[in-house]
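Asker: Mind looking over this structure? Questions follow.
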Amino acid sequence: MINVGIIGFGTVGTGTATILLKNRGLLKQRTGVDINLKRIADLDIRRDRGIRIPKGVLTTRAEDIFSDPDIHIVVELIGGTTIAKDVVLRAIRSGKHVVTANKALLAVHGIEIFRAAEKAGVEVGFEASVAGGIPIIKVLREGLVANRIKAVYGIINGTTNYILSKMTTEKAEFSDVLKEAQRLGYAEADPTYDIEGVDSAHKLAILASIAFGVQFTLRDVHREGISWISPMDIDLAEELGYTIKLLGITKETNGRIELRVHPTMVPQDFLISKVDGVFNAVYVEGDAVGSTLYYGRGAGALPTGSAVVSDIADIALNIANNSVGRIPAMPGAINPMPLMKMDDVVSMYYFRFSAIDKPGVLSRISGILGKHNISIASVIQKERLAGKAVPLVVLTHRAREKDVVTAMKEINKLKIVAGKAVLIRVEGREQG
Ligand code: HSE
């Protein structure tokens, strides 16, 4: 029998406990191992979570788990990067295997945690840290082991995807939809991590580390949020055949790794553009398999619990078969590749200028773009209001970020342009 101790009895803790209790027989049939939920530690063990926990399982002392020699696997479901870090390192040093759903912890302290686990000869499972119930870590580590990974594109934050989807279908303002998301309990009370792309960046750092065998951290990720996206840009994007999504993008380009989270215009005929609401999706391209796409719930008690329990089952199997460490948590570098500086990233761009409607304006703007090697694919001007500012939209061919930043600085200074230009990167096929 393999004994499990859960620390943190919140949403995911409840989902994990529910699955372990309800599907214990099924898990035994499938793995041949009896997985027993021995302990759950939380400061609040009185609140009704809607499940019946057997007598003697609940405790307010995490110590009861660390010091129990019969507990093989500690599941950290506290969240955050402070107490959770102590809990994980304590469990590792007590010779226990660890399962965690904590993306922030791994994206910030992953290197230290994996080193400690290697030294102690224990496993760290983290399937639930990225894209909730979608088994994307297993896909990258095992299912696609035969492939050199070329690119990963992910909608890996449900809150922002919900907000952008609602803004698209209801033509609503960002702040109104955010309030609704908060009312429905999707967005955190402090939604900064979601809307500023931090949560996606945590998850992308983890995915990229596995995909490319280089241990990236949050600091390596270029990050932009969605709070500045307006219904006007969503409409214009739609008209041009695109949907705006907050994407985590990592790819290998000429031996360097791109690592970025930002709003992105995705062609409407790409499957990932159809992923709406709180759902997540991850597109992975391998050199052998080609394009693959994984879709599902990225959050919630049972979907995330499903991922946590899959790690528990893997570790239980490895213990039972004397194969602990069968798959290294973080694969060694296949061919260590440096991070690509954002300045060197090449992308297509959407610019929206608020330009005074008078002769010669477009040539001033296109002159500056041309001077910086930015080639225009198409231009649209929606209204005609002589002498007044109107939206002028430019789609570009592939251009270098550094050139774009320089050109934008120059254009934003022009008197014929009101305010700052809006810039959204565009993925997909070249137009024009
Ligand atoms: N805040 C996250 C999301 C929850 O919106 O996807 C799961 O990490």
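No lab work stands behind these numbers, since they all come straight from the coordinates. Computed from a predicted model, the values in this text were never measured in an experiment. As a convention, Cβ positions derive from the backbone with ideal geometry for all residues, glycine included, and neighbour counts pool all protein chains shown.
Asker: For residue 1 paired with residue 253, estimate the spin-label separation in nm (one decimal), with each label point 7 Å from Cα along the Cα-to-Cβ line.
Answerer: Output for this residue pair reads 5.6 nm.
Asker: Right, here's the next one. Under a plain spin-label model, where a point goes 7 Å from the Cα along Cα-to-Cβ, how far apart in nm are residue 28 and residue 319?
Answerer: 1.6
Asker: Which of the pairs 358/402; 38/96; 382/420; 138/166; 388/413; 103/274 have their Cα atoms more than 23 Å apart in this structure?
Answerer: Working: 358/402 29 Å; 38/96 14 Å; 382/420 18 Å; 138/166 31 Å; 388/413 17 Å; 103/274 25 Å.
Beyond 23 Å between Cα atoms: 358/402; 138/166; 103/274.
Asker: Could you line up 137, 206 from fewest to most neighbouring Cβ atoms inside 10 Å?
Answerer: So the ranking, lowest neighbour count to highest, is 137, 206.
Asker: Picking from 50, 79, 15, which is most flexible by a Gaussian network model of the chain using Cα springs under 10 Å?
Answerer: In this elastic network of the chain, the residue with the biggest mean-square fluctuation among 50, 79, 15 is 50.
Asker: Which one, 316, 374, 3, projects farthest toward the positive side of the charge dipole computed for the chain from Cβ point charges (K/R +1, D/E -1)?
Answerer: 374
Asker: Towards the positive end of the charge dipole of region 136-297, with charges on Cβ (+1 Lys, Arg; -1 Asp, Glu), say which of 200, 178, 211 has the farthest Cα.
Answerer: Going by the Cα projections, it comes out as 211.
Asker: Please state the relative contact order of region 121-245 as a whole percent: Cα pairs under 8 Å, 6+ residues apart?
Answerer: Relative contact order of region 121-245: 26 percent.
Asker: Could you tell me how many degrees, from 0 to 90 and to the nearest 10, lie between the Cα long axis of helix 174-183 and the main elongation axis, the longest principal axis, of the Cα atoms of the chain?
Answerer: 20
Asker: Would you work out the relative contact order for region 343-426, in percent, from Cα pairs under 8 angstrom that are 6 or more residues apart?
Answerer: RCO, region 343-426: 48 percent.
Asker: Quick one: 190, 235, 276, fewest Cβ neighbours within 10 Å first, how do they rank? Don't skip to the answer; put the middle values down first.
Answerer: Numbers: 190 8, 235 14, 276 17.
Arranged by neighbour count, lowest to highest, 190, 235, 276 become 190, 235, 276.
Asker: In whole Å, what are the extents of region 270-425 along the principal axes defined by its C-alpha atoms, from largest to smallest?
Answerer: 77, 36, 27
Asker: Related question: Taking the Cβ-Cβ separation of residue 238 and residue 294 as r and a Förster radius of 25 Å, what is the calculated FRET efficiency to the nearest 0.05? Write down the numbers at each step before the final one.
Answerer: Working: r = 26 Å, r/R0 = 1.02.
About 0.45, to the nearest 0.05.
Asker: Relative to the compact-globule scaling 2.2 N^0.38 Å, provide the ratio for the alpha-carbon radius of gyration of region 171-293. Write out the running numbers ahead of the final one.
Answerer: Values: Rg = 15.5 Å, N = 123, 2.2 N^0.38 = 13.7 Å.
Relative to the rule-of-thumb radius for its length, region 171-293 sits at 1.13.
Asker: Ok, one more. Taking just the alpha carbons, could you work out the radius of gyration and Dmax for region 343-426, both in angstroms?
Answerer: 12.0, 38
Asker: For the chain, report the convex hull volume of the alpha-carbon atoms normalised per residue, in Å³, without decimals.
Answerer: Value for the chain: 144 Å³ per residue.
Asker: Right, here's the next one. Does region 185-246 classify as rounded, prolate or oblate by the C-alpha gyration tensor (a ≥ b ≥ c root eigenvalues; a/c under 1.5 gives rounded; else a/b over b/c gives prolate, otherwise oblate)?
Answerer: oblate
Asker: To the nearest 10 degrees, how steep is helix 301-320 against the longest Cα principal axis of the chain, on a 0 to 90 scale?
Answerer: 50
Asker: Give the relative contact order (percent, whole number) for the chain; include only Cα pairs under 8 Å separated by 6+ residues.
Answerer: Details: 911 pairs, mean separation 70.7, N = 432.
That works out to 16 percent.
Asker: Give me the distance in nm between label points sitting 7 Å out from Cα along the Cα-to-Cβ direction at residue 415 and residue 269, one decimal.
Answerer: Using points 7 Å along Cα→Cβ, the separation is 4.6 nm.
Asker: Once the Cα atoms of helix 11-22 and of the chain are each reduced to a long axis, what angle between those two axes, in degrees from 0 to 90 to the nearest 10, is obtained?
Answerer: Relative to the chain, helix 11-22 is tipped by roughly 50 degrees.
Asker: Strictly greater than 21 Å: what percent of every Cα pair in region 101-253 meets that? Write out the running numbers ahead of the final one.
Answerer: Details: 5805 of 11628 pairs.
For region 101-253, the fraction of Cα-Cα distances above 21 Å is 50 percent.
Asker: Taking Cα centroids, how far is region 46-94 from region 303-362 in Å?
Answerer: 29
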